[in-house]
Structure formats: C-alpha cells, structure tokens
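Here the structure comes first, spelled out in structure tokens, and everything after it is commentary.
Here, each number is a calculation from the coordinates, and none is a lab measurement. What you see is a predicted model; the values in this text were computed from it and never measured. Here the Cβ is made from the backbone with ideal geometry for all residues, glycine too, and neighbour counts use every protein chain on show.
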Amino acid sequence: MAKPGDVLEIPELGLRMLVLHTGEDTGGELLDIEVSGRPRGFLGQAHVHEHSVEHHTVIDGVLLIGLGGKEHVLHVGESMEIPAGAPHTQRPGAAGEGTVRIRLRPAGKHLELFERLAELSRTGQLTRSGFPRPVAGAELVRDFGADVHAAQPPLSVQQSLADATLRAATTARRLEQAARGRARQANRDYVFLDAWFVNAPIEAVHEALADGRTYPQWWRPVYIEVQSDGPPAVGRVSRQHFKGRLPYHLHTRSTITRLEPPRIIEADVEGDLRGRGLWTLTPDGDRTHVRFDWTVSADRPLLRALTPALRPLLRWNHAWAIARAREGLEPYARSRASAASVATKT
C-alpha cells in the first residue's frame with residue numbers, strides 16, 4: 001500500500017500522483033493526493049464516486065469540471081466539491097500540464113484503485129491511448145465498481161459485461177492450459193510402430209507375446225524379470241524389469257485390456273513408462289505378420305529430462321530392443337509349435 005510521499009506513475013493516462021494522506025493514516029476518513037499531468041484516455045469519461053465526496057483545488061493550469069449539465073471552469077487557487085453519487089467529468093482546460101489537489105472523503109478503495117492502475121501500466125495492461133485491456137477493465141469493474149464506475153451504462157450492466165468477459169477469459173485460459181498440457185505431453189510421448197514377419201504359426205507367436213512370463217527366455221537381454229499371478233487373461237497384471245542399450249533399468253506394471261487369440265493382445269502400462277501397447281497378428285501362409293503399436297510417455301524423471309532433446313537416441317534404444325525381439329521370437333515360437341506338435345502326436 002502506498003504511503004504519504006509515494007508517487008504513482010501512470011504514463012498511459014498522462015498522470016503522476018503524489019500521495020499526501022491515505023485512508024490508513026486518517027482512519028479511513030480521507031485520501032489526499034496531488035495529481036499532475038494532462039489526463040487522457042478513459043479518465044475523460046463521465047464517472048461516479050458512489051460513496052465519496054470529491055474536492056478539487058487547482059494548483060497549476062485550468063480544470064474543466066462537467067457536473068449537473070454545466071461546465072465549471074476552475075483556475076489556480078479555485079476549488080469545487082462534487083457530491084457522492086453525482087456523475088461528472090474532469091478534463092484540462094488549457095494547453096500543457098496542470099496540477100490538481102484531490103481529496104476524497106471517505107477514502108474508500110480509491111488509493112487501491114490508483115495503485116492497480118499503476119500496476120496495469122507497469123505490466124502493459126493499459127493501451128497507449130489510455131484504456132485498460134478487456135480483462136483488466138473487467139477486473140477493475142469487479143473489484144472497484146461499487147466505489148467508482150463509469151456513469152454509463154448502468155452499473156448492473158457494466159458488472160454483467162465484466163462477469164461475462166472474465167468467464168470467457170477463464171475459459172480461454174483453461175483451453176490454452178489444456179493445449180499447452182497436450183503439447184507438453186506430446187513432447188514426452190513416443191509413438192512407435194514396428195512390423196515384421198515371423199516364420200512360425202500364429203498360435204505359437206500369440207502365445208509367446210501374450211504371456212509376458214516368457215519374455216526373459218526369448219527377449220534377451222532386454223527383459224530381466226517378469227512376474228505374473230497366472231496365464232494371460234483380460235485384467236491380468238504383470239510386473240516387468242527390463243533395460244535397453246542406455247544405462248538405466250525400467251520397472252513397469254502391465255494390465256491386459258484386450259485378448260483375442262490368436263490375433264490381438266493389448267495392455268496398459270504404468271510405472272517408469274506409461275502408455276499402451278497393441279500387438280496385432282495376421283496369418284500369411286506359414287508365416288505370421290507381427291505389428292506392434294506402442295504409445296508411451298516417459299514418467300521417470302531421468303527420461304523426462306532426456307525428452308525431447310535426446311528423442312532420436314531414445315528411438316534408437318527402442319529400435320535396438322525390438323531387434324532383440326525379432327531375433328528371439330521366431331526360434332522360440334517355432335520351438336513351442338514343434339513341442340505342441342510332438343505332444344499332439346503322442
């Protein structure tokens with residue numbers, strides 16, 4: 001809060017305000033300021049001080065006050081009092097700058113209003129022509145309209161327009177924040193698509209991919225350990241410990257969300273990586289076409305720090321891990337298919 005002796009600069013409004021007495025040091029009775037400059041912008045509009053009597057004394061220059069349908073001309077040393085609730089205007093009556101001493105009784109929230117205007121000036125929320133930007137203007141009506149406001153339109157209309165403006169601004173900010181959140185998320189997301197043929201029956205390939213407990217056997221050296229409470233089923237949860245070429249280990253928790261043998265396996269993943277994986281298998285004669293769609297976000301702090309600056313390196317790491325799957329899946333699936341065939345014959 002400004003104190004006696006402080007100066008508020010509002011260049012967009014053409015004003016400097018020297019604080020002489022405040023409501024704080026007069027028990028709320030009086031705000032006494034000395035205003036210098038040449039006012040412009042919204043200060044030229046008719047306005048109302050609802051609860052305060054305003055007293056003007058011209059120190060330098062000429063002041064024109066519009067009140068009650070008349071224009072009053074004040075010269076140096078002359079004064080005029082404006083009753084509370086009376087619409088009026090104030091504008092310079094001569095070339096150049098002037099100085100006017102203004103006393104407001106009671107002080108109300110006027111000093112807080114002037115401080116807000118100075119802050120809006122510092123933060124670029126006043127236009128060069130001397131008007132607040134829409135949201136800033138709506139906040140002025142919301143916060144100070146009960147004490148001082150434009151004479152027209154009626155205060156209730158001003159407040160309704162201000163509320164609508166602030167609601168629209170809040171909605172716009174939320175949409176912008178959501179868009180930024182999506183952009184940040186996109187920067188952390190990785191979308192991978194891998195596809196290849198496996199020379200093994202589709203049933204054996206599906207069995208290997210669906211049961212994560214088999215991964216340490218054939219997806220080496222990527223998968224170190226996989227734990228699960230049972231064979232694959234929708235809702236089944238498993239826990240993985242794995243690594244790539246980069247020097248870190250990852251721990252995840254997967255839940256099967258879709259299982260349609262022998263063609264579809266889908267799972268949600270949480271932990272150091274978060275996302276969704278979808279295996280799609282298609283028979284092609286004696287072969288199986290394997291497609292892996294993997295959308296994942298890096299939740300581990302280290303990975304978030306690496307993303308997106310080292311995105312190419314992380315993609316290389318994924319490609320290395322998938323190459324190990326391509327090396328190990330086919331011989332494992334073929335051996336499982338052969339074992340199943342022998343078991344059937346015997």
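Descriptive notes on the structure:
- Inter-site label distance for residue 289 and residue 326 at 7 Å from Cα along Cβ, in nm: 1.6
- The slack between residue 24 and residue 38, meaning 0.36 nm per residue of separation minus the straight C-alpha distance, is 2.2 nm.
- Contour minus Cα-Cα distance for residue 129 and residue 161 (0.36 nm per residue): 9.4 nm
- Radius ratio Rg over Rh of region 239-286, counting only Cα atoms, Kirkwood formula for Rh: 1.11
- Cut-off under 5 Å, modelled amide H: who pairs with residue 15 long-range: 10
- Semi-axis lengths, Å, region 188-345, gyration tensor of Cα atoms, sqrt of 5 times eigenvalues: 27, 16, 14
- For residue 88, distant residues with modelled amide H under 5 Å away: 47
- Distance between the modelled labels on residue 278 and residue 199, one decimal in nanometres: 3.1 nm (7 Å Cα→Cβ projection).
- For region 154-162, 3J(HN,Hα) computed residue by residue from phi via the Karplus equation (6.51, -1.76, 1.60; θ = phi - 60°) reads x, 4, 4, 5, 4, 5, 5, 5, 5 Hz, glycine and proline entered as x.
- Taking the longest Cα principal axis of the chain as reference, the axis of helix 134-144 is set at about 60 degrees.
- Size check on region 7-130: the Cα extents along the three principal axes, sorted descending, read 37, 36, 23 Å.
- Virtual paramagnetic centre 7 Å along Cα→Cβ of residue 335, amide N under 13 Å, in region 195-237: 214-220
- Binning the alpha carbon pair distances of the chain at 20 angstrom intervals from zero yields the distribution 23, 27, 14, 22, 12, 1, expressed in whole percent.
- Between amide H atoms placed 1.01 Å from N, distances below 5 Å from residue 20 occur with 5, 32, 33, 34, all of them 5 or more places distant or on a separate chain.
- log₁₀ of I(q)/I(0) at q = 0.32 Å⁻¹ - region 88-135, Debye sum with one point per alpha carbon: -1.08
- In this rough spin-label picture, where each label sits 7 Å from Cα along the Cβ direction, the residue 173-residue 344 distance is 6.6 nm.
- Once the mean of 1/r is taken over each pair of separate Cα atoms and inverted, region 120-255 shows a Kirkwood hydrodynamic radius of 21.3 Å.
- Per-residue 3J(HN,Hα) values for region 40-57, derived from phi via the Karplus relation 6.51 cos²θ - 1.76 cosθ + 1.60 with θ = phi - 60°, read 8, x, 5, 5, x, 7, 5, 9, 9, 9, 4, 10, 10, 7, 10, 10, 10, 10 Hz in sequence order (x marks Gly and Pro).
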